[in-house]
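The structure appears below as structure tokens.
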Amino acid sequence: MRALHRSIPITLSLLGLFLATPVLAQYEGAEPPPPRATAGWDAIDVKTCSAWLRRLASKQFEGRGTGQRGYQRAAEYMAKQFKDMGLEPCGDENSYFQHVPFARITMEPKKSFLRVGKRGTKLGIKDGVTFEFGHGEVKGPLLVLRANGRDAKLQDPSVLDGQVVLLVGRQLLRSPLRDQIDASKALAVLTVTQRASRTPSREATRLVMATDLRMRARVSEAAARRILSASKLDPTLADTPKPGSVESKASEELIRFTIGGSRKDILVPNVIGKLPGSDPKLRDEVVILGSHLDHLGKRDKTIYYGADDDGSGSTALLATVKAFTSNQTRPRRSVVFLAVCGEEMGLLGSRYYTDHPIFPIEKTVAELQMDMVGRNEHDPPKDYAKDNVDTIHLVGSKRLSMELHEIILDCNRHLKFRFEYDQESVYTRSDHYNFAKKGIPVSFIFSGFHPDYHQPTDTVDKINFAKIVSTARLFYLVAFRVADQERRIRVDSGPLATDGASRGAEEGR
Ligand SMILES: [Zn+2]
């Protein structure tokens, strides 16, 4: 699960409150599994799951940080499990990897400049420019956007393409305009801030998805006035446009934006495998089961093991692979297993997948995400671990397909999880969200927060393995049903449907 930018106040130390793991994976009152799924159901157990997770959350894999060697080791391990269990490769060059391009950039602010107009008015860090992001040099016409408020939006976002955008306005952080800029082909974005930045430009190395490498800087109002004058535009910044509106002004003058430093390109894999469907007419449709393989990795000498986040979901994913491949009876549609990178950096691996889908989006019937499924929620004073041995959160399933939601409830007859629905605020915080944005019905299963969330203490000894097994069994049944039923599940608007996905419950940006 990706972190919110503001930190979550988990301060209590509660060692010793973890309960002994119950032996049975189903809970009281559960019915036996449906006959067609029994072979797969029986193939999954606590022993196998604990062996997988002990490996995924081991010292050797160093917390699986995207771009770090521990992640690469974990990805190779996952791919080998996929292969050994009999999944078909469906990644790049018939491998189990979809390579996501990343760039490691080191910025040198002292070698970074803006140059404006024919006379080449030059501005650097001393002139109130904070170089935030990027590498190299771009040159293009200046487009000044003045906007006001969270509803600000351009009628035609294609005006941004090929421009160096100077953005002036208030409360734009979560506005549709910001999303339009992010999605555009603008060369660079300069954001005007009222005060000079408190965090000055400094040399820093950052890993970014190469497709996101747009140059960015913040400029003070004084610097913005100099840019506007040099571009032969009105340099006053006093009057703001009316709420929700955007005024744009183009300049003939070119602006050159240079960020000095170095760039190294690397590829980080998503791991992907396929179980082909049994029906030649339906097997080009897919149901995706997903987890994120990455965690926070090694920082200085500290390993963030990420046993629960999301070693548990990746273990459950392997368990669903085992269940499907152990059953002679296969569903009609294909089932795809996807463990992504870059989740903790902002859902990057899944965004790359949904922007570069291996199976067409319109053929993707549903995505079922397992992220943090191995703990008993402990978040006092609301929740205590002892009360949460058999609880799990169901998130997002009431938004895009009520039929999917009903299927999950029905499959739960065989598990008897106590579902909780009080964590809809995490809807935007794991990889399913990128699928939901494309209109694909999703369900996200999540066992809840605990004091070890995003701490080096998220270790394997605290895991409730029975819960991982139960999660895998539940989503195995759900994926089986969705992949096997005659008619594709309906996409509708559930009671929690939101328009578009970009804002709504968004808290983390
Ligand atoms: Zn996380």
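Every read-out reported here was derived from the displayed coordinates using simple, explicitly stated rules and does not represent laboratory data. Since the model is a prediction, treat every value here as computed from it, not as a measurement. Cβ: placed from backbone, ideal geometry, glycine included. Neighbour counts: every protein chain shown.
Quick look at the values:
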| item | result |
| --- | --- |
| Residues with amide H under 5 Å from that of LYS111, placed H, sequence gap 5 or more | GLY260 |
| In sequence order, calculated HN-Hα J values of region 307-323 (Karplus, 6.51, -1.76, 1.60; Hz; x Gly/Pro) | 5, 7, 10, 10, x, 5, x, 5, 5, 4, 4, 4, 5, 5, 4, 5, 4 |
| Structure-based [θ]222 nm, the chain - -39500 (n - 2.57) summed over DSSP H runs of at least 4, per residue, nearest 500 | -6500 deg cm²/dmol |
| Computed over the chain: relative contact order in percent, which uses C-alpha pairs under 8 Å that are six or more apart | 22 percent |
| Relative contact order (%) - criterion: Cα under 8 Å, at least six apart; region: region 118-232 | 34 percent |
| Kirkwood Rh in Å, taken over all unlike Cα pairs in region 323-401 | 16.0 Å |
| Stokes-Einstein diffusion coefficient of the chain, Kirkwood radius over Cα pairs, 37 °C, 0.692 mPa s, in µm²/s | 136 µm²/s |
| Amide hydrogen neighbours beyond the local backbone of PHE133, cut-off 5 Å, H modeled | ARG216 |
| Footprinting exposure proxy for HIS292, HIS393 (fewest neighbouring C-beta atoms within 10 Å first) | HIS393, HIS292 |
| Pair LYS382, ASP84: separation of 7 Å Cα→Cβ label points (nm) | 4.0 nm |
| FRET efficiency estimate (nearest 0.05) - Cβ-Cβ, ARG170 to THR211, R0 35 angstrom | 0.75 |
| Amide H contacts under 5 Å for THR66, placed H, 5+ residues apart | HIS295, GLY342 |
| Label-point gap, in nm, between SER278 and ILE266 - each point 7 angstrom along Cα→Cβ | 4.4 nm |
| Length added when fully stretched, LEU237-GLU221, from 0.36 nm per residue minus Cα-Cα | 5.0 nm |
| Set of region 335-374 residues, backbone N closer than 13 Å to the point 7 Å along the Cα-Cβ line of ASP92 | 353 |
| For region 77-89, 3J(HN,Hα) per residue [Karplus equation, 6.51 cos²θ - 1.76 cosθ + 1.60, θ = phi - 60°, Hz, x = Gly/Pro] | 5, 4, 4, 5, 4, 4, 5, 4, 8, x, 6, 7, x |
| Cα extents of region 50-161 along the three principal axes, largest first (Å) | 64, 37, 32 |
| Burial order of peptide ranges 270-280, 455-465 (average beta-carbon count within 10 Å, highest first) | 270-280, 455-465 |
| Förster-model FRET efficiency, 35 Å R0, LYS118 and SER158, C-beta, rounded to 0.05 | 0.80 |
| Cross-link table LYS139/LYS438; LYS274/LYS438; LYS59/LYS398; LYS83/LYS281; LYS274/LYS398; LYS185/LYS301, entries beyond 31 Å C-alpha to C-alpha | LYS139/LYS438; LYS59/LYS398; LYS185/LYS301 |
| Stretchable slack from ARG488 to ILE361, in nm (0.36 nm times residue separation minus alpha-carbon distance) | 44.3 nm |
| Label point distance in nm, GLU137-ASP182, each placed 7 Å from Cα along Cα→Cβ | 3.1 nm |
| In Hz, Karplus ³J(HN,Hα) per residue of region 446-451 (6.51, -1.76, 1.60; θ = phi - 60°; x = Gly, Pro) | 7, 7, x, 7, 7, x |
